[in-house]
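Data first, discussion second: the structure below is written as structure tokens.
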Amino acid sequence: MSNPRRMITLGIETSCDETAAALLDGPSVLASEIYTQQTHAAYGGVVPEMASRAHLKKIGVVCRAVYDRAGIRPQQTDLVAVTDSPGLAGALLVGIGFGLGMHTGYGMPITGVNHLDGHIHSALLEHPDLSPPFLSLVVSGGHTALYAVRNMGRYECLGKTVDDAAGEAFDKVGKLLGFSYPAGRAIEEEAARARPGGGLKFPIARLSTSGPGFSFSGLKTAVRYFIQSKGAAYVNDHRPEICHAFQEAVVGSLLLNSRTAAGQTGIGRIAVVGGVACNGRLRRAFGDAFGANAIFPSPNYCTDNAAMIARAGFECFKRNELRRPSMDPVGGI
């Protein structure tokens, strides 16, 4: 005998260059689809107008795919949760417009979800027993910030980057080293080939504030000057060692500030979320430092996805805090 249906939530994510949709039954994922736009690699970064046009072509496709996979009809949906901030303005509008169309056409409730709130909720997709208090390190191509999560939906920002995000630094350094966009995985794979005992190190920025804060612009500049001083022949021969030293500096900064936050707040559990949380070296370092108290989503839930948006929307519904989507490209939490 099948379990009674609890609540079907459609999640929609179009904040950058992933067109994503997901269906949740209560807190459980029924289906998740992500279309990643590949055309931006030729330009070394996301081209906003191209991203918006691709979303227009694919949003209906990915939504239909999750309904087909779950065996559910659109009119059975109980809630639509759509990313409305932050992100690329045109890209956000595509998802919001589609969600509002579902809301109007089928008469179902809708709520806007902050993209960062979605990332924080991504930790709950596979760890449903995770409950506050815990720390959340959101580390991605566009964001690097530490939050104290004392209640879901209510966060205290303990520190954030003052310039580049960690993922942005990976992409910029990757470009310096000749890797295509996005460069995070290529740098990680190249770093794994580094010869032991090289001794190459890059600086970890330490801000003057007493709390945990991040800066990666100086690290990027240090790598650029180092490459320029050594020349092409050296770089070609020592690319793995350069990647290893850069990666160690990024991971070191993230870990240092996370341990500082844990000490200041007395909160020993940390969920590391966002695209950079896919990095294997980062996962090992936090596992060594925090043990079982370091929580990571699976890689497919670290990168931008709609399951996390649906999960955040589901929690908003339970708290009776639904809000009409309102596009805000720079909105924080």
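The numbers here are math on the coordinates, done by the rules we state, and not lab data. In this text, all values refer to a predicted model and were calculated from it rather than measured experimentally. Cβ atoms come from the backbone with ideal geometry, glycine included; neighbour counts cover every protein chain shown.
A few comments on the model shown:
- Of Gly97, Gly231, Gly159, the one that fluctuates the most in a GNM where the chain has Cα springs shorter than 10 Å: Gly231
- Pairwise label distance in nanometres, Val162 with Arg323, each label 7 Å out on the Cα-Cβ vector: 2.9
- Estimated dipole of region 132-268 in Debye, rounded to 20 [Cβ of Lys and Arg +1, of Asp and Glu -1, Cα centre]: 160
- Number of Lys-Lys pairs in the chain with C-alpha atoms under 27 Å apart and a separation of 8 or more places or on different chains: 13.
- By DSSP, the beta bridges lying fully in the chain are antiparallel in about 60 percent of cases.
- Extents of region 132-268, largest first, come to 52, 27, 24 Å (Cα atoms, principal axes, whole angstrom).
- For the chain, a crude dipole built from +1 on the beta carbon of Lys and Arg and -1 on the beta carbon of Asp and Glu, taken about the Cα centre, is about 240 debye to the nearest 20.
- Here the extension length gained between Ala41 and Ala192 equals 52.0 nm, from 0.36 nm per residue of separation less the Cα-Cα distance.
- The alpha carbon centroids of region 266-301 and region 31-105 are separated by 28 Å.
- Magnitude of the charge dipole, region 7-150, Cβ model with Lys/Arg +1 and Asp/Glu -1, debye to 20: 280
- Global dimensions of the chain from alpha-carbon coordinates: Rg and Dmax equal 20.3, 70 Å.
- Estimated from helices alone, the mean residue ellipticity of the chain at 222 nm is -14500 deg cm²/dmol (sum of -39500 (n - 2.57) over DSSP H runs with n ≥ 4, per residue).
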